[in-house]
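Q: Just passing along the structure, written as structure tokens.
The values are calculated or read from the model by the stated rules, or taken from the named source; none is laboratory data. What you see is a predicted model; the values in this text were computed from it and never measured. All Cβ positions, even for glycine, are placed from backbone atoms using ideal geometry, and neighbour counts span all protein chains on display. Side chains included, ligands, DNA and RNA excluded: accessible areas come from the protein's heavy atoms. Shrake-Rupley method; radii C 1.70, N 1.55, O 1.52, S 1.80 Å.
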Amino acid sequence: MLPRLEIDLPALESNTRRVVETCRLRGIQVWGVTKGVRGCPRVGLAMLRGGVEGLADSRLPNLIRLRQALGDPSLMLLRPPSPAQAQEAVGTARVSLNSEILTLTALGLAAAARKVEHEVILMVDLGDRREGVLPGDVLELARAARRERSLRLAGIGANFACFGGVLPTAESLVELVELAGRVRMATGASLDTVSGGNSSSLPLVIRAAMPAGVNQLRIGEGILLGRDPSTGEPLPGTRQDVFRLEAELIEVQRKPSAPCGPVARNAFGRQPVHIDRGDRLRALAAIGVQEIGAGTLCPASGGVEVLGASSDHLVLDVTAMEPAPRPGGRLQFLPDYGAVLALMMATDVCRQYRE
Ligand SMILES: *Cc1c(COP(=O)(O)O)cnc(C)c1O
């Protein structure tokens, strides 16, 4: 039997509603980020039902999937397009995040040719060192956007905790709000949107520490998994089990926990570290890196420990399970963000949606 991923759409909708409501009380609009589920339209629909302003994804093929399935929702392209993607970007998304003058020019031309207005949010790097211009360069970028008659300079934004692991702080977001003010003054743009980051910004909203003026967040993991990605802590009022993975056991045997024989690199070129805990009841589940990628699985029931995975085998310690499992039995796991992403793409996984 194939590994089965169950996606609980009502739980997803309720997570969305909770996050949207929390943000709404602080004057912040939420865009639902679908890149973790490869632009899955059913997930997108649940987010829209939960009240998000629109759907955001880093990849154009995912946005195209959403548009084809859902009609005409507001779509945001999160990963700055390349100049060559300008036509497809303006044909697909209402708004895109940008950091290059060359790309703004290409977007302006593409929008003019299509006779549409395309909105741009200019990204500022406030320390995470992924996308965005340095604060001192944002005016020049804004002037370039204003030169394009078919572009609307909709706002500025920042991203955190993605590459450098740099957390958003009240100070960095005040800086973003101040930069928006300076751009308004210098260019005369109304600059409605100050986009203050991703799920890692939610704790600031919850603690009522989000600076006034930030009025948009782009939320993926916080809705999908109900967690603050920077700490892994559950978000109040959300469920952490929207995604449940079930895999079949193919071996259950008592074995020494320490390997025997000379140890070298394993299948992934790493030298494994083993702790000798004596004889343990071990189980193998029929799932591996092919399905979960670089992600990890957390057992959904007690008495199960994940020891590791190779391409096709998940190695478990089930000594504490009551009653002891048997081959052919099935165990449930909660996948993390990376595992959800891989499971949504894997070919030999049965994905079932709970309506
Ligand atoms: C992925 C991404 C998000 C969403 O991140 P989460 O941590 O899943 O909320 C928001 N903004 C940008 C630019 C992204 O790339």
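Q: Could you compute the net charge surrounding residue 127? Neighbours are other residues with a C-beta less than 12 Å from the C-beta of residue 127; K and R count +1, D and E count -1. Write out the running numbers ahead of the final one.
A: Numbers: positive: 129, 130; negative: 125, 128, 171, 175.
Its environment carries a net charge of -2.
Q: Let me ask something else about it. Quick one: which residues, 5 or more positions from residue 160 or on another chain, have an amide H under 5 Å from its amide H? H modelled 1.01 Å from N in the peptide plane, none for Pro or chain starts.
A: Answer set, sorted by chain and number: 198.
Q: Something else now. Once the Cβ-Cβ distance between residue 6 and residue 267 is put in as r, and R0 is 41 Å, what FRET efficiency do you end up with, to the nearest 0.05? Walk me through the numbers on the way to the answer.
A: Working: r = 29 Å, r/R0 = 0.70.
My answer for the efficiency is 0.90.
Q: Determine the share of the chain's accessible area contributed by carbon and sulfur atoms, expressed in whole percent, with a 1.4 angstrom probe.
A: Numbers: 8260 of 16470 Å².
Carbon plus sulfur share of accessible area: 50 percent.
Q: Which ³J(HN,Hα) values, rounded to whole Hz and listed in residue order, are derived for the range 121-135 from phi using the Karplus coefficients 6.51, -1.76 and 1.60 in 6.51 cos²θ - 1.76 cosθ + 1.60 with θ = phi - 60°, glycine and proline given as x?
A: My calculation for the range 121-135 gives 10, 8, 8, 10, 7, 9, x, 6, 6, 9, 6, x, 7, 5, x Hz in order.
Q: What does the C-alpha gyration tensor say about the overall shape of the range 1-84? Classify as rounded when a/c is under 1.5, otherwise prolate if a/b is larger than b/c, or oblate. The partial results should precede the final answer.
A: Numbers: a/c = 1.92, a/b = 1.04, b/c = 1.84.
Taking the square roots of the gyration eigenvalues as a ≥ b ≥ c, the range 1-84 is oblate.
Q: Can you give the helix-only mean residue ellipticity at 222 nm for the chain, where every DSSP H stretch with n ≥ 4 adds -39500 (n - 2.57) and the sum goes over all residues, rounded to the nearest 500 deg cm²/dmol? Could you put the intermediate results ahead of the total?
A: Working: 11 runs with 107 residues, N = 355.
Here the helix-only value at 222 nm equals -9000 deg cm²/dmol.
Q: Place the peptides 111-124, 218-231 in order of packing, highest mean first, counting for every residue the other Cβ atoms within 10 Å and averaging per peptide. Working shown, then result.
A: Numbers: 111-124: 19.6, 218-231: 23.1.
Going by the mean number of other Cβ atoms within 10 Å, highest first, we get 218-231, 111-124.
Q: Something else now. What's the center-to-center distance, using Cα atoms, between the range 167-191 and the range 22-50 in Å?
A: 24 Å
Q: By how many nm would the segment from residue 163 to residue 68 lengthen if fully extended, with 0.36 nm per residue of separation less the alpha-carbon distance? It would help to have the intermediate numbers written out before the result.
A: Working: separation 95, 0.36 × 95 = 34.20 nm, distance 3.15 nm.
Additional length available on full extension: 31.1 nm.
Q: Apply the Karplus curve 6.51 cos²θ - 1.76 cosθ + 1.60, θ = phi - 60°, to the phi angles in the range 311-324 and return the couplings in whole Hz, x for Gly and Pro.
A: 3, 10, 10, 9, 9, 10, 9, 10, 3, 8, 6, 10, x, 4
Q: So how do 232-245, 144-157 stack up, highest first, on mean other-Cβ count within 10 Å?
A: Details: 232-245: 17.6, 144-157: 21.0.
Top of the packing list down: 144-157, 232-245.
Q: Let me ask another. For helix 9-24, what angle does its Cα long axis make with the longest principal axis of the chain, in degrees from 0 to 90 and rounded to 10?
A: Roughly 40 degrees, rounded to the nearest 10.
Q: Considering only protein heavy atoms, what per residue accessible area in square angstrom results for the range 102-175 with a 1.4 angstrom probe? Before the final figure, lay out each step's value.
A: On the way: 3510 Å² over 74 residues.
Normalised by residue count, the accessible surface of the range 102-175 is 47 Å².
Q: In Å², what does the accessible area per residue of the range 290-355 work out to with a 1.4 Å probe? Show your work: numbers first, answer last.
A: Details: 3370 Å² over 66 residues.
Accessible area per residue: 51 Å².
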